[in-house]
Amino acid sequence: MTTEMKLPFDQEYITSFSKEMGEPEWLTELRVQSLEKADTLPMPRPDKTKINKWNFTHFNKLIVKSDEFKSLEELPEAVKPLIDADHSNSVYIQRNNKPAYLKLSAELQEKGVIFTDMYTASRMHGDLLKKYFMQSAVKADENKLTALHAAFLNGGAFLYVPKNVTIEEPIQAIFLHDDAEANLFNHVIVAAEDNSSVVYVENYISTVDSADSKVNIVSEVIAGANARIQYGAVDTLAKGVTAYVNRKGLAGRDAQIEWALGQMNDGNTISENVTLLQGDGSYGDAKTVVVGRGDQVQNFTTKIIHHGKNSEGFILKHGVVKESATVIFNGIGKIEQGASKSNAEQESRVLMLSEKARGDANPILLIDEDDVTAGHAASVGRVDPGQLYYLMSRGIPQAEAERLVIHGFLAPVVNVLPIEGVKKQLVEVIERKVK
Amino acid sequence: MAGSVLTIKDLHVEIEGKEILKGVNLEVKGGEIHAIMGPNGTGKSTLSSAVMGHPKYKVTQGTITLDGEDVLEMEVDERARAGLFLGMQYPSEISGVTNADFLRSAINSRREEGKEISLMKFIRKMDSQMEFLEMDLDMAQRYLNEGFSGGEKKRNEILQLMMIEPKIAILDEIDSGLDIDALKVVSKGINEMRSEDFGCLIITHYQRLLNYITPDHVHVMMQGRVVKSGGPELAQRLETEGYDWIKQELGIEDETVGLEA
């Protein structure tokens, strides 16, 4: 990649921004170094999608002004249903780049759980954050976009669960995009120490119809020995938003990381979801549902890398594509040498609803160890007329029959989302998108 | 209200340009059970698919009416809502859609908006019919036919029949692949439906189903036509003597229409 790239903000700007936010020195340095490296680092190369003409980098504002929410009552109507007032005791709401609302239950605070916005985390928990921030899961110099992410970081959340703490109720983050001029460089860290467990669910939701926003999201999910992290997400960013999403997990010995991702953006999206099964006996499960519509192009790479012995990885992706949208699924199961007795399974299915829809599912197994098991299944096809005929033969009209088949097709992921309200939202989003 | 009447007149049906049915005439009335028998490849399943409106089958001549209404003008779902039901030989599997949700949609498709069946009433009805058919109650929450055994699928077809309560049902080889216990249960379900308001056309290779369900009329299909009709005694004779005597009587050498139908 030698394309000339003009960055909108220079070293001076970034340094003063970081200082203004009261960030520790290491973060200021990381920003500045990353900005420098971004010049020469290559763009990510999603298989089967050309992104050289996509604009991830040109934008005018690093920060837009937004107001806080004094109470949940003030939330926009689109956001309210996401929050279960009875059970959501721990919620972070970010409005564009502004930490707008935060609540963490007293019980969890007492147990030493930290849940806060990224700015506060860097000020108050700088040393702890440093341990995780772009150190082990996602590196700042992975590619041009991760470097720009580090340089332009302007939001996100930090969730830290100490040793032996089990959190039953889901921890929720809502990233509200209600300003068409906002650009999100959001960083989320979910770190669970040994023997702890947590359920984290995030929503990216646009309430503007369309925007030229640049979104560059990095999530790092780090599970210590025997820890369990369930990570749920529903992304519904508006048409026109160009998104780079990099969600990466690192599982220690006997740790479990489970992803349930509803990726429903209406703009062009490049998504990487990687799980590193570092420890022996670790477990990774990556479930994704996608709906593509309009003329959007989306590329989803899900990768599970086995280093530990007896590690198990499961990838399940289902996507529906309509109109002239494109959805590419790349599934990669990689078993490194020494990861004996490991198991890598994957299944990717794409259902196309129109003649112009494009879908592709590429299963890849890369295996450097003999004593392992692995399997893959992939299919790309249209709605089975036999299924529609069967449903219609019971009196169900064609449109309703199609709706049932599509919902059924996406159900394996939808049904495992851990928060009822979010699950309902995902069902509604799907309903809207496939209509 | 007296039962409905399904009338099939001079029905000719093509699949992929090949004529399979060559002038079928048949009338099924509420209160009657008809059995269509015949060797493989004589057009029996084609008849059932054509009545239901499977898109692969093209009617080139003749008429199908239900209580005088032109069935051929209707879409598949309209035919179902008009009162037709087809118990399929190979029911589709539909992942992610539970048996219960599917059946509720089917029942509600017959009701006006705002007059949907209440959830409690639906569950009670479904539970009692499942018990009647000796089905595991868990099957309500399993995905439609997914991973069901052959016998479970057939029982599930009968469950749908009992839940939907059509005017006229066609059961296409509902007995194939069933062990004797399942066969008894399936028969029990069909017998339970028997009433003045319900007519049934059972398509089968085997006489043994008719040991449990006594038909009023028995028809034999060959070469894409109904070649012989009679009462229950006709089925008995077919069981003991096979089909050769009919072929000889009618001078038929090859009874098939050249396609597995």
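The values are calculated or read from the model by the stated rules, or taken from the named source; none is laboratory data. Note that the structure is a prediction, hence the values are computed from the model and not measured. Note: ideal-geometry Cβ built from the backbone for every residue, glycine included; neighbour counts use all protein chains shown. When the accessible area is computed, the model is the full protein with side chains, heavy atoms only, and any ligands, DNA or RNA have been set aside. Shrake-Rupley method; radii C 1.70, N 1.55, O 1.52, S 1.80 Å.
At 1.4 Å probe size, with the rest of the protein present, what percent of the exposed accessible area of chain A is carbon and sulfur atoms?
Values: 7730 of 16810 Å².
Ligands and nucleic acids excluded, carbon and sulfur give 46 percent.
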*Let me have the relative contact order for chain A, percent, based on Cα pairs under 8 Å that are six or more residues apart.*
10
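Starting from the Kirkwood Rh over alpha-carbon pairs, what translational D in µm² s⁻¹ does chain B have by Stokes-Einstein at 37 °C and 0.692 mPa s? Before the final figure, lay out each step's value.
Details: Rh = 18.9 Å.
My calculation gives 174 µm²/s for D.
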*asked:* Take the residue pairs A:Lys111/A:Lys144; A:Lys19/A:Lys248; B:Lys44/B:Lys188; A:Lys53/A:Lys423; A:Lys103/A:Lys287 and return only those whose Cα atoms are more than 31 Å apart.
replied: A:Lys111/A:Lys144; A:Lys53/A:Lys423
_Using a 10 Å cut-off around each Cβ of peptide B:94-103, what is the average number of partner chain Cβ atoms that fall inside?_
6
_Bins of 10 Å from zero: percent of alpha-carbon pairs in the protein assembly as shown_ = 3, 14, 21, 19, 14, 12, 10, 5, 2, 0, 0
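Round to the nearest 0.05 the FRET efficiency obtained for B:Glu134 and B:Lys58 when R0 = 56 Å and r is the Cβ-Cβ distance.
0.90
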_Label-point separation in nm, B:Glu165 to B:Glu146, each point 7 Å along Cα→Cβ_ = 3.1
*In a GNM of chain A with a 10 Å cut-off on Cα contacts, which of A:Ala227, A:Ala401, A:Ala140 has the highest mean-square fluctuation?*
A:Ala401
*Tell me, what ³J(HN,Hα) does each residue in the stretch A:273-288 have, in order and in whole Hz, if you take phi through Karplus 6.51 cos²θ - 1.76 cosθ + 1.60 with θ = phi - 60° and put x for Gly and Pro?*
10, 10, 10, 9, 8, 6, x, 4, x, 7, 9, x, 9, 10, 10, 9
*Cβ-defined net charge surrounding B:Leu137, 10 Å radius [Lys, Arg +1; Asp, Glu -1]*: -4
*Over all residues in B:80-87, what is the mean tally of Cβ atoms on other chains that come within 10 Å of each residue's Cβ?*
3
*asked:* For a quick check, take a GNM of chain A with Cα springs below 10 Å and name the residue from A:Ala121, A:Ala377, A:Ala151 with the largest mean-square fluctuation.
replied: A:Ala377
*Hydrodynamic radius by Kirkwood, which averages 1/r over all alpha carbon pairs of the stretch A:1-70, in angstrom*: 14.6
*Vicinal HN-Hα couplings computed from phi for the stretch A:401-412 (Karplus, 6.51 cos²θ - 1.76 cosθ + 1.60; Hz; Gly/Pro x)*: 4, 5, 4, 4, 5, 5, 4, x, 5, 8, 4, x
*What is the extension gain from B:Glu116 to B:Glu27, computed as 0.36 nm multiplied by their sequence separation minus the C-alpha to C-alpha distance, in nm to one decimal?*
28.7 nm
*D (Stokes-Einstein, µm²/s), Kirkwood Cα radius, the stretch A:11-279, 1.306 mPa s at 10 °C*: 85
*Taking amide H positions as placed in the peptide plane 1.01 Å from N, state which residues far from A:Ala173 in sequence (5 or more) or on other chains have amide H under 5 Å from it.*
A:Tyr92, A:Val201, A:Glu202, A:Asn203
_Alpha carbon convex hull of the stretch A:336-435, volume per residue in cubic angstrom_ = 146
*asked:* Can you give me the accessible area per residue for chain A, using a 1.4 Å probe, in Å²?
replied: 39
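Quick one: work out the % antiparallel among DSSP beta bridges in the protein assembly as shown, nearest 5.
Among the beta bridges of the protein assembly as shown, antiparallel pairing accounts for roughly 20 percent.
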*With the Cα gyration tensor of the stretch A:177-313 in hand, give its eigenvalues times 5 under a square root as the equivalent ellipsoid semi-axes, listed largest first in whole angstrom.*
30, 14, 11
*Taking the Cβ-Cβ separation of A:His58 and A:Glu428 as r and a Förster radius of 45 Å, what is the calculated FRET efficiency to the nearest 0.05?*
0.85
*What per residue convex hull volume, in Å³, comes out for the stretch A:149-236 when only alpha-carbon positions are used?*
80
*asked:* Please enumerate, by chain and number, the aspartates and glutamates with C-alpha under 13 Å from the C-alpha of A:Lys130, excluding those fewer than 8 residues away in the same chain.
replied: A:Glu23, A:Glu25, A:Glu29, A:Glu220
*From the P(r) of the stretch A:384-435, can you give the percent of Cα pairs sitting at distances over 17 Å?*
41
*Sparse-neighbourhood loop sites, trypsin sites (Lys or Arg not before Pro) in the stretch B:1-86 - DSSP loop, at most 15 other Cβ within 10 angstrom*: B:Lys56
*Not counting the cut sites, what is the longest span of chain A without GluC sites (Glu not before Pro) that DSSP labels loop and that have at most 10 other Cβ atoms within 10 Å?*
A:169-354
_Cut-off under 5 Å, modelled amide H: who pairs with A:Glu347 long-range_ = A:Ile315, A:Leu316, A:Lys317, A:Ala377
*Looking at the stretch B:84-232, send over the antiparallel percent of its DSSP beta bridges, to the nearest 5.*
45
*Where is the GNM fluctuation largest for chain B (alpha-carbon springs, 10 angstrom cutoff): B:Gly38, B:Gly114, B:Gly62?*
B:Gly114
*Where both residues lie in chain B, what percent of DSSP beta bridges are antiparallel, nearest 5?*
60
*Using a 1.4 Å probe on protein heavy atoms only, how many Å² of accessible area do B and A hide from each other, summed over both chains and rounded to 100?*
1900
*Can you list the residues, at least 5 places off or on another chain, whose amide H is less than 5 Å from the amide H of A:Phe185, using H built in the peptide plane?*
A:Asn154, A:Gly155, A:Asn216
*asked:* Threshold 40 Å², probe 1.4 Å: give the residues of the stretch A:392-420, in number order, that are less accessible with all protein chains present than with their chain alone.
replied: A:Met392, A:Ser393, A:Arg394, A:Gly395, A:Ile396, A:Leu404, A:Gly408
*Report ³J(HN,Hα) in whole Hz for each residue of the stretch A:261-267, in order, from the Karplus equation J = 6.51 cos²θ - 1.76 cosθ + 1.60 where θ = phi - 60°; Gly and Pro get x.*
10, x, 9, 10, 4, 9, x
